[in-house]
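To keep things clear, I will list the structure first and then write my remarks on it.
The values are calculated or read from the model by the stated rules, or taken from the named source; none is laboratory data. Please read all numbers here as calculations on a predicted model, not as lab measurements. Cβ placement follows ideal geometry from the backbone for every residue including glycine, while neighbour counts extend to all protein chains displayed.
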Amino acid sequence: MTPDTALHVDAPKSFLRRWIFSTDHKVIGIQYILLGLFSAILGTSLSMLMRLRLAWPETHFPLLEKLMPEGFPGGVMSPEFYLAVLTIHGTIMVFFLLTTVPLAGFGNYFLPIQIGARDMAFPVLNMLSFWTTFVALLVLLASLFVEGGAPISGWTVYPPLSALGKIAGPGLGAGQTLWLCSIATFCAGSMMGALNFIVTTLNMRTAGMSLMRMPLTVWGWFTAASVALLAFPVLLGGGILLLLDRLAGTSFFLAAGMVVSSKVITRSGGSPILWQHLFWFFGHPEVYIIILPGMGVTSHILSTFSRKPVFAYKAMVLAIFSIGFIGFIVWGHHMFASGMSPVVGMVFSLLTLTVGVPSAIKVFNWLATLWGGRIQCTAAMLYALGFVSFFVSGGVTGLLLAQPAIDVYFHDTYFVVAHFHIIMGLAAVFSIFAALQFWFPKMFGRHMSETLGKLHFWITIVAVYAIFIPMHFLGMAGAPRRYAQFTEFVYLRNLQGLATHISWAAFLAGAAQLILLFNIFYSLWKGKKTIDNPWSATTLEWVISSPPPHDNFGDTDPVVHRGPYEYSVPGDPTDFTLQTTAPDSRRPQ
Amino acid sequence: MIATPPAAHLWNGGSSPYGVGHKKLGMWLFLVSDSITFGALLISCMYARVSSPNWPTPFPAWPSIAFASLMTLCLLTSSLTMVFAVDASKRGDRRAAVRNILWTVLGGAAFMVLHANEWLRLIAEGVRPWSNPWGAPLFSAAFFTLTGLHMVHVFTGLIYLLIVATGTRSGKRTHEDVEICGLYWHFVDLVWMFIFPLIYLMSVSQ
């Protein structure tokens, strides 16, 4: 293809247009990642506070009382404050870290590059998506500072208590309203982002980039965006109804005959179960929005560092799609304990178990990709292997929880907490670590430290398993979630030692993240300088310089001649063949 | 880089492999997502209906249903004029396109005026989001929520139509812009075709 100078675009000169209100997908991607980093630091700190309360329920912390006198009367965290911390931890982690960074962060940065585009289909809409999400985060944080503080209803904000206003408890007044406004805004931002991702993937692929030549990362982002486009509207609809219940006096989620705070509630006619349906119709696909980009990144990295093509690429694409699809018809498994016809329960149970099939296909294919490969144990590879480990260990407990008879016992115990933290929290977080370590040189032109990365990986994986494996036993013993303290329960008193152990492991895992933070900021300025293709990888982001120029591909659009994972092709002089390598340029046909 | 084109059966690059431009595809995706928002609300309201023993059917054929039918007629007619507008702009007849878009705006505005009148009449009868004189309080909650959200869409649509009309007159907007605007307008109409039977026709007083 002949160079075309008309294709070349320079970055805007003004600081504001280039770095703040930028329409460049790469800058927006980094903005999303920084927003996620802030959320991660806040969310992790909140979990440390919770673990402090759970490990030493009666110890006084005068310092914390001085910092937060309302939350720590007498130096002990009040149960209401514990619930507020729990709610904000859950909300911030699920929405502003796990939904935001893998999809909107890395997706924004790398999806256009990997399909050979110069930007997203709607650059201005892309900028709007980020700033909408930013406003949503500010509104959520504002809920911490209003009268009564943050809501205490958990990230699922179940009515009736969340619909009644401040008579239902502290934080359920202005705090809850702000929470709903924040999440409604977040929905709008995510829907704009998802629309942009889909149009970009369908319409902006470069010549030769047919659908089945797209890297699995692109398939992961594309499917996650499709799921987001179809799931977030339902949360938005439910959020509107809950806001109306709170502000306009309707009673969509309020049934008759309630007495709250010794007051008779006169509203009637609605059903709190309706909220659960709406919420989980969104909520279950949401966990796939979180995990699908991680699956893409993991496939990408495992292939690169095994120097082998991804095993059964087509089956991987199909598995990603079927996981996305089945995600929409299993929401009822969150509601087995809410009262449900056994027939409906059985249907939801069977459908849920079906998710195990494509999930197993993915795991087997990952292992088959590794099999016989020349494995390079880089830090990014370790993180990706960590993802596989969590996906298996968290997925297995999912099969248990999918069965109504077992779930009725495990529901709302620490077993569930351990399950979803492993499968959705840790797996996704490790895919973020992997993506960061893998793409950092491309994004900033410098490597993150391999030694620090490996150190961080080993401490973190040991510490988090030390948290969550024992937590399953806590759940099996019947410890209920969302309680600030369970020493009052006679049957759990002997398990206090286990709770203390979990807290120590959590503090270790939290402290290990300081290594990562140090690694990020040290490497930004002092890291080892990199080249265009430091990992000898094959996809389009490695064709261009590190960091990429503003217009990604300069004067020529790339032309794609082959699939994304052509490693160790027999007869080729190198063990990787770039997607842009023409068939006849390397060897005779 | 080697100047060998990729095999012909593979995608050759560009901006519309499926014959649909960015904006039109974007609008379709928005409509998919918006229809799910409405779907969630409609299903919620029907859930409330079937689970309430005293769900009222308060609308008499005259005047309520008659007026609602008139509103429906306005909206349907505006969709027809929108079809004329899209057709005219396809032929390159910008004057006729603008004229028909303005007719569409008139139809939509008539719908809004009639609907606002309906709301005022019901409010005067003592109907509130939290109560109504006829039975289950959720009836009026559902009524105001669904028709309210629909009215927001109609109002947004009127502004959108006026922007496109101005742009078409000056030549700034292309045929595709008119067509995309038409997609949105027909969608608003389609949503009403669900609300009208579910809220009005199923509530005819016996």
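Some observations on this one:
- Residues that are at the interface with another protein chain (Cβ under 10 Å from one of its Cβ atoms), in a helix (DSSP H, G or I) and either touching a residue at least 40 places away in the same chain (Cβ under 8 Å) or under 23 Å from B:Leu31 (Cα atoms) (or both) within the range A:240-256 comprise A:Ile240, A:Leu241, A:Asp245, A:Leu247, listed in sequence order.
- The one condition in (1) touching an Asp or Glu at 6+ places or on another chain (Cβ under 6 Å); (2) more than 15 Å from B:Thr147 (Cα to Cα) that B:Leu75 fails to fulfil: (2)
- First in the range A:45-68 and under 14 Å from A:Ala484 (Cβ atoms) and of a type in the set (Asp, Glu), second anywhere and surrounded by 17 or more Cβ atoms within 10 Å (Cβ to Cβ) and modelled with pLDDT under 95, Cβ under 8 Å, 6 or more apart: A:Glu58/A:Val76
- Hits in the range A:318-352 (condition: crowded, with 22+ Cβ neighbours inside 10 Å and of a type in the set (Phe, Trp, Tyr)): A:Trp331, A:Phe336
- The set of residues in the range B:92-127 being more than 24 Å from B:Met151 (Cβ to Cβ) and out of contact with any His (no Cβ under 9 Å at 6 or more places or on another chain) consists of B:Asp93, B:Arg94, B:Arg95, B:Ala96, B:Val98, B:Arg99.
- Of the residues making up the range A:123-145, at least one is of a type outside the set (A, V, I, L, M, F, W, C), buried (at least 23 other Cβ atoms within 10 Å of the Cβ), assigned by TED's automatic domain parsing to the domain that holds A:Met258 and farther than 30 Å from A:Met68 by Cα.
- Looking across the range A:268-286 at every residue that is in contact with a Leu (Cβ under 9 Å, 6 or more places away or on another chain) and under 30 Å from A:Ala368 (Cβ atoms), the one that is nearest to the other protein chains (Cβ to nearest Cβ) is identified as A:Pro285.
- For the range B:194-201, the count of residues that are touching a residue at least 60 places away in the same chain (Cβ under 8 Å), touching a helix residue (DSSP H, G or I) at 6+ places or on another chain (Cβ under 6 Å), closer than 19 Å to B:Val83 by Cβ and not aromatic (Phe, Trp, Tyr) is zero.
- Residues satisfying the stated conditions in the range B:45-64, i.e. assigned to a helix (DSSP H, G or I), crowded, with 16+ Cβ neighbours inside 10 Å and in contact (Cβ under 8 Å) with a residue 24 or more places away in the chain: B:Cys45, B:Ala48, B:Arg49, B:Ser64
- Some residue of the range A:151-173 being of a type in the set (A, V, I, L, M, F, W, C), free of Cβ contacts under 8 Å to residues at least 40 places away in the same chain and closer than 17 Å to A:Gly71 by Cα: yes
- In the range A:214-240, the residues that are of a type in the set (A, V, I, L, M, F, W, C) and in contact with a Ser or Thr (Cβ under 6 Å, 6 or more places away or on another chain): A:Leu216, A:Phe222, A:Ala228, A:Leu229, A:Phe232, A:Leu236
- Considering (1) touching a helix residue (DSSP H, G or I) at 6+ places or on another chain (Cβ under 7 Å); (2) in the same structural domain as A:Ala174 (by TED's automatic domain parsing); (3) among the aliphatic types (A, V, I, L, M); (4) under 28 Å from A:His333 (Cα atoms), the lone condition that A:Leu216 does not fulfil carries the number (4).
- Residue match in the range A:216-234 (condition: at the interface with chain B (Cβ under 8 Å from one of its Cβ atoms), under 26 Å from the mean Cα position of the chain (by Cα) and among the aromatic types (Phe, Trp, Tyr)): yes
- Looking only at the range A:521-572, and only at residues there that are buried (at least 18 other Cβ atoms within 10 Å of the Cβ) and not in a loop (DSSP other than H, G, I, E, B), the one that is farthest from the other protein chains (Cβ to nearest Cβ): A:Ser523
- Filter pass, B:Leu149 being within 12 Å of the chain's Cα centre (by Cα) and part of a helix (DSSP H, G or I): yes
- Qualifying residues in the range A:235-286 (those that are of a type in the set (Ser, Thr, Tyr) and surrounded by fewer than 24 Cβ atoms within 10 Å (Cβ to Cβ)) - the one nearest to the chain's Cα centre (by Cα): A:Ser271
- Filter result (assigned to a helix (DSSP H, G or I) and within 14 Å of chain B (Cβ to nearest Cβ)) within the range A:152-182: A:Ala163
- Of all the numbered requirements in (1) under 27 Å from A:Ser251 (Cβ atoms); (2) over 19 Å from the mean Cα position of the chain (by Cα), A:Gly116 misses one, and that requirement is (1).
- Filtering the range A:412-438 to residues that are over 30 Å from A:Pro547 (Cα atoms) and either modelled with pLDDT of 95 or more or within 19 Å of the chain's Cα centre (by Cα) (or both) leaves A:Thr413, A:Tyr414, A:Phe415, A:Val416, A:Val417, A:Ala418, A:His419, A:Phe420, A:His421, A:Ile422, A:Ile423, A:Met424.
- Some residue of the range B:100-107 being surrounded by 18 or more Cβ atoms within 10 Å (Cβ to Cβ), without any contact (Cβ under 8 Å) to a residue 60 or more places away in the chain and either within 14 Å of chain A (Cβ to nearest Cβ) or touching a Gly at 6+ places or on another chain (Cβ under 7 Å) (or both): no
- Per the listing B:Leu201, B:Leu190, the residue uniquely assigned to a helix (DSSP H, G or I) and at pLDDT below 95 is B:Leu201.
- Filtered residues of the range A:547-579 (kept if without any contact (Cβ under 8 Å) to a residue 12 or more places away in the chain and among the β-branched types (Val, Ile, Thr)): A:Val569
- Sole residue being free of Cβ contacts under 8 Å to residues at least 24 places away in the same chain, small (Gly, Ala, Ser) and not in a loop (DSSP other than H, G, I, E, B), chosen from A:Ala405, A:Ala384: A:Ala405
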